[in-house]
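The values are calculated or read from the model by the stated rules, or taken from the named source; none is laboratory data. Source: prediction; values computed, not measured. Every residue, glycine among them, receives a Cβ derived from its backbone with ideal geometry; neighbour counts consider all protein chains shown.
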């Protein structure tokens, strides 16, 4: 008896990555694996833009080990600069401060020149007051520092404690030695201080109102609960968020008379300042092993559940927690991780992926996973606007002495289709891997065999000949490829003729190249099916091509159910 062919469309990819061990529980729009593909909130996925070096000459640090810890946008009328700091690696391996107007970097020193040596393993902490940059290098530094560009050198601030400045006689030129500095509520705040030869890791201090360089001895709070040491500060809705290893506090109010300390959590915290990032409307922070959280006026939200199996399965190196960083770049949270999903593998000692979380995609936000062509995850980023008002989205390469820019598109397509890499003393372009795996499709009838005939794929436009390989898996077995198919795409800039692979003149972004309907070969007989799309690589096709998927149409015949 002839059986009708039925179909099911997959147009929604906005669930992003979900690493649940039981893939049967994944939603239709979720994926067990995405690599170097961006999720389009309107539907579909597409190749990310290539990562490129902002500086063309390596940053000339004298340290033997590259240890980037901080990137900061210093914005003032005489120039816009990228500030970078490395962390302390031991005696003779002190951290350094570097700056750039958008090209190569120059080291910032004191007059003399005298090196500014950073004693904090987490690097310098930067903040800006009016046009002046202030920074502290750790409680081990004898002074805090300030710099007003375009002066050639920074200058020191005398340590407050033992010398303090009463409100009746402010003098300027002072700042406590500290690990963290931040402007808030028309005051300068420092945390984790060193005063009069005594360390106060749990102390939060603030300056006089409107005076960044004058400090009264009595203006401080010691926050002893939540573990040893204030680890980070952030601002949420005009209030100061204070992070300790095992607690989070909120300093409410705006002056000495009404400051009030409120406990936000006594079970969450952070180990390193790089694990906190201010974002739109709130703050992201990573608390190992609990995961990634978002705090705003509505409270604390766990946004890590979908990828938490990487912690449960010991796929993140717990001995390298300082390699876990949070950066809010181009309105997305970039979480760098020393992660390796291979069974039995030892997780790496460096950041090797970025899990990028976009709150604007879907109902609950979505994750994708990005990795450089040389298989690293970028760290400690910021947004930067140059003197021509061009926006740049920057992160630091964890092992090469370069700042990289990301997310550059032209006419809706990636401006770069390969990554810059530094090999044998020179910069070259290299292909990065791309892939997307569907959730299992079983027509809500996993007990029933189905004969899957030729599916249709709506592929995003390509500008050059491109080959995509599809791996086909059967019956909830993701360990063995049942068969493979090849999708061969060619650029066309004309109207559509159904049946020859083109449909309409629909475009992605402003490109004049149209999407392609591709009819593939039969998928086979099974109860459930999963597809893994693998982008062009040296193994499966011509290297260096952008591609994407708009829709998948499964077509199949339902077979008799057997007892």
Looking only at residues in the stretch 528-563 that are over 19 Å from residue 435 (Cβ atoms) and touching a strand residue (DSSP E or B) at 6+ places or on another chain (Cβ under 7 Å), which one is modelled with the lowest pLDDT?
-> 559
Enumeration of residues in the stretch 250-275 that are crowded, with 16+ Cβ neighbours inside 10 Å, modelled with pLDDT of 95 or more and over 23 Å from residue 381 (Cα atoms) | 250, 251, 264, 265, 268
When the stretch 310-334 is checked residue by residue, the ones that are touching a helix residue (DSSP H, G or I) at 6+ places or on another chain (Cβ under 9 Å) and assigned to a strand (DSSP E or B) are 316, 325, 326, 327
Look at the stretch 403-420 and say how many of its residues are surrounded by fewer than 21 Cβ atoms within 10 Å (Cβ to Cβ), under 21 Å from the mean Cα position of the chain (by Cα) and in a strand (DSSP E or B).
-> 2
Spot the failing condition for residue 247; the list is (1) within 27 Å of residue 130 (Cα to Cα); (2) modelled with pLDDT of 95 or more, and only one is missed.
-> (1)
Among strands (runs of 3 or more DSSP E) entirely inside the stretch 1-76, those with 2 or more residues being closer than 30 Å to residue 399 by Cβ, in contact (Cβ under 8 Å) with a residue 24 or more places away in the chain and within 24 Å of the chain's Cα centre (by Cα) are 33-35, 37-39, 45-47, 68-76
What about residue 351, is it in contact (Cβ under 8 Å) with a residue 24 or more places away in the chain and in contact with a helix residue (DSSP H, G or I) (Cβ under 6 Å, 6 or more places away or on another chain)?
-> yes
Can you find a residue in the stretch 224-233 that is farther than 26 Å from residue 267 by Cα and in contact with a strand residue (DSSP E or B) (Cβ under 9 Å, 6 or more places away or on another chain)?
-> no
How many residues are in contact with a strand residue (DSSP E or B) (Cβ under 7 Å, 6 or more places away or on another chain), over 15 Å from residue 247 (Cα atoms) and not in a strand (DSSP E or B) if we restrict to the stretch 275-309?
-> 6
Is there a residue being over 16 Å from the mean Cα position of the chain (by Cα) and buried (at least 23 other Cβ atoms within 10 Å of the Cβ) anywhere in the stretch 366-387?
-> no
Looking at the stretch 79-118, which of its residues are surrounded by fewer than 16 Cβ atoms within 10 Å (Cβ to Cβ) and at positive phi?
-> 79, 90, 92, 112
What number of residues in the stretch 516-527 are in a loop (DSSP other than H, G, I, E, B) and buried (at least 20 other Cβ atoms within 10 Å of the Cβ)?
-> 1
Kindly indicate whether residue 205 is surrounded by 18 or more Cβ atoms within 10 Å (Cβ to Cβ), touching a helix residue (DSSP H, G or I) at 6+ places or on another chain (Cβ under 8 Å) and on the phi < 0 side of the Ramachandran plot.
-> no
Any chance residue 377 is part of a loop (DSSP other than H, G, I, E, B), in contact (Cβ under 8 Å) with a residue 24 or more places away in the chain and in contact with a strand residue (DSSP E or B) (Cβ under 6 Å, 6 or more places away or on another chain) = yes
Confirm whether residue 84 is closer than 22 Å to residue 323 by Cβ, in a strand (DSSP E or B) and either modelled with pLDDT of 95 or more or touching a strand residue (DSSP E or B) at 6+ places or on another chain (Cβ under 8 Å) (or both).
-> yes
Looking at the stretch 215-226, is at least one residue closer than 22 Å to residue 121 by Cβ and modelled with pLDDT of 95 or more?
-> yes
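Working only within the stretch 431-455, note down all residues that are closer than 30 Å to residue 391 by Cβ and crowded, with 16+ Cβ neighbours inside 10 Å.
Residues satisfying the conditions are 431, 432, 434, 435, 436.
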